[in-house]
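Participant: One structure is given below, represented as structure tokens, and several questions about it will come after.
The values are calculated or read from the model by the stated rules, or taken from the named source; none is laboratory data. Being a predicted model, the structure only gives us computed values, none of them experimental. Neighbour counts run over all protein chains shown; Cβ positions are idealised from the backbone, glycine included.
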Amino acid sequence: MTFSHFGKSGIYVDILALALIAMATAALAPSWAQSPEPASSAAFQGTVQGHVRDSSGRAVAKAIVFLQPTTGTHADASIQIAHTDSEGAYRFAALRAGTYTLRAEMKGYSQASSGPVAITNVLANNETKTIDLAFGLPQTSENRAGQGPEFFDEPQFTVAGVTQATNSGGHGSDTVLRTTEALAKATVSLNKKPNGTSTAAKSDATESLLRDALRREPESFEANQKLGKLLVDNGKAAEAVPYLLRAAQLNAEDPEVHHVLGDVEEKLGNPLEAVRDYQRAAELDPSEPDLFDWGTELLTHRALEPATEVFTKGNRLFPKSVRMLIALGVAWYARGSYDQATQCLVNASDLAPDNPTPYLFLGKMQSVETTPSEGSKEKLARFAQLQPDNALANYYYAVSLSKQSASASDNNAEHSARVESLLQKAVRLDPKLGEAYLQLGILYSQHEDFSRAILAYRRALEARPEEAGPQFDEILEEAHYRLAQAYLRAGDKVLAQQELQLHDEYSKKIKENSVRERRDIQEFIISLQGKNSVAPPRP
């Protein structure tokens, strides 16, 4: 099975139109926004700049700095936003005469502010005012105002940071590792958010109304929260950040804001911030979505023990959640505890016998096992019985039977016939199911029927799905190898050598892609605490 079957400088930016660019370049240079009314060439232009530091005097990068006009002809203009660079510097330019208030915000710190700041045309054009801002002590669980209830009585782990992965670890062969990675990706896909259904005109009108409301009441939690969420729904994740952060400061006890912030940070490639937001949301309100998103963020970045702990607690709180059980199974599988993984998937299929998802995960797990467990064989048989017209149901049941027949001492012919029938049915139902053709070829090769095996392998090579992913390359790799063996057994050494060369090419491509993907993944630095942490499984 392939899981395709599952179903971040000197430019002035208008916050209403180009906030996305400001967020995207924040790590390289300070970005700033300009009033939507363009200043004429003769208009007075002043500059406010400075640095943002913490209580120890260290520069704070990526802090959000707000400059809000309070007097003058442009007092109703939009708040301007800048993001500090790696040296903590910010800059606002092309400012008109008037009075402004200045504030800086950063998650984990109390707000820093200054004002009023006066810009007058009595002074020379292009006057620059330097104003430095300093945050107070970082907020902690001891000093954070409005600290909400903790989900864990005593947290068993702390997410301390992220590091670039140098190797992914794992259990057993590279095939098992690739299967683990595919299962983790598929688990994340179980939480796909539905796209917004509003028309563009309606969304634009709603966004305009919310911005108007925010100009009138910039300290309104509701206006900041709604505008931030709308921007996220409209695909403007980076632009939504300042509003969601402001909403979170105005009401630190609202779990939805933290959850949406987690979604945004994950989209922007900030996994450490994402996992902390998901954790905060779950502590405030341990709902099923909050716990699932928290766990999947940990799982995606290979924090396997904490992920297992979160999913275990989630399963205890929501025992009827099928996806929580599936995710717990994947976490155990990634840790090499295959029996516990299988049992979770078996239990998930019992919760919802008509739901294909647990069976698909179970089938993917058992496809790399030498001998599937009795529980998985029984459930995959039920899958094929309940959904006889599902190609994958027939395919996975066939794989289960084929592994059973390989270890059986009798009735081998009967098993083989049953396996062939199921595989033939699977390719009739889905002619693009290359896995099934591959298994047919393996079956025919076992019976030394090399002419039929060669035909089946060639069909596996031709059965490219419309959205072929990396898993299809793995099918091609194995099909070329097995086709070479079949040609060799049939006496055609030239074609056998050609297929071996193609196998080597795909093998190299798969290895390079895997190394690149694993290198790009950031792994969490986890500090486990206490004796009650989930113990690592025995291999």
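Participant: Pro255: in contact with a Phe, Trp or Tyr (Cβ under 9 Å, 6 or more places away or on another chain) and not acidic (Asp, Glu), yes or no?
Facilitator: no
Participant: How about the range 231-272: which of its residues are touching an Asp or Glu at 6+ places or on another chain (Cβ under 8 Å) and not in a helix (DSSP H, G or I)?
Facilitator: Residue satisfying the conditions is Asn234 alone.
Participant: Let me ask another. Could you check how many residues of the range 197-218 are outside any helix (DSSP H, G or I) and at pLDDT 85 or above?
Facilitator: So the count comes out to 2.
Participant: While we're here: Leu429 is checked against (1) closer than 17 Å to Glu478 by Cβ; (2) modelled with pLDDT of 95 or more and fails just one. What number does that condition carry?
Facilitator: Unmet condition: (1).
Participant: Okay, next question. Can you pull out the helices (runs of 4 or more DSSP H) entirely within the range 299-396 that have at least 1 residues that are touching a Ser or Thr at 6+ places or on another chain (Cβ under 8 Å) and closer than 30 Å to Ile442 by Cα?
Facilitator: Counting at least 1 such residues, we get 322-334, 338-351, 356-366, 374-386.
Yes/no per residue for (1) among the charged types (D, E, K, R); (2) at pLDDT below 70; (3) outside the structural domain of Glu253 (by TED's automatic domain parsing):
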residue: Phe44; (1), (2), (3): no, yes, yes
residue: Val48; (1), (2), (3): no, no, yes
residue: Asp54; (1), (2), (3): yes, no, yes
residue: Ala61; (1), (2), (3): no, no, yes
residue: Ser113; (1), (2), (3): no, no, yes
residue: Val122; (1), (2), (3): no, yes, yes
residue: Thr130; (1), (2), (3): no, no, yes
residue: Thr140; (1), (2), (3): no, yes, yes
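Participant: If you don't mind, there's one more thing I want to ask. What about Gly314, is it surrounded by 24 or more Cβ atoms within 10 Å (Cβ to Cβ) and over 26 Å from Leu230 (Cβ atoms)?
Facilitator: Yes.
Participant: So if I check each of Gln424, Gln366, which one is modelled with pLDDT under 95 and either within 32 Å of the chain's Cα centre (by Cα) or within 25 Å of Gln485 (Cα to Cα) (or both)?
Facilitator: Gln366
Participant: Restricting attention to the range 487-530, and to residues there that are part of a helix (DSSP H, G or I), touching a helix residue (DSSP H, G or I) at 6+ places or on another chain (Cβ under 9 Å) and among the hydrophobic types (A, V, I, L, M, F, W, C), which single residue is modelled with the lowest pLDDT?
Facilitator: The initial filter retains those residues of the range 487-530 that are part of a helix (DSSP H, G or I), namely 487-489, 493-520.
Filter again for touching a helix residue (DSSP H, G or I) at 6+ places or on another chain (Cβ under 9 Å), leaving 487-489, 493-507, 509-511, 513-514, 517-518.
Pick out the ones that are also among the hydrophobic types (A, V, I, L, M, F, W, C) and you get 488, 494-496, 500, 502, 510.
Details: Leu488: 94, Val494: 95, Leu495: 95, Ala496: 93, Leu500: 94, Leu502: 92, Ile510: 82.
Out of the qualifying residues, it is Ile510.
Participant: How many residues, within the range 321-331, are crowded, with 24+ Cβ neighbours inside 10 Å and more than 19 Å from the chain's Cα centre (by Cα)?
Facilitator: Adding up the residues that qualify gives 0.
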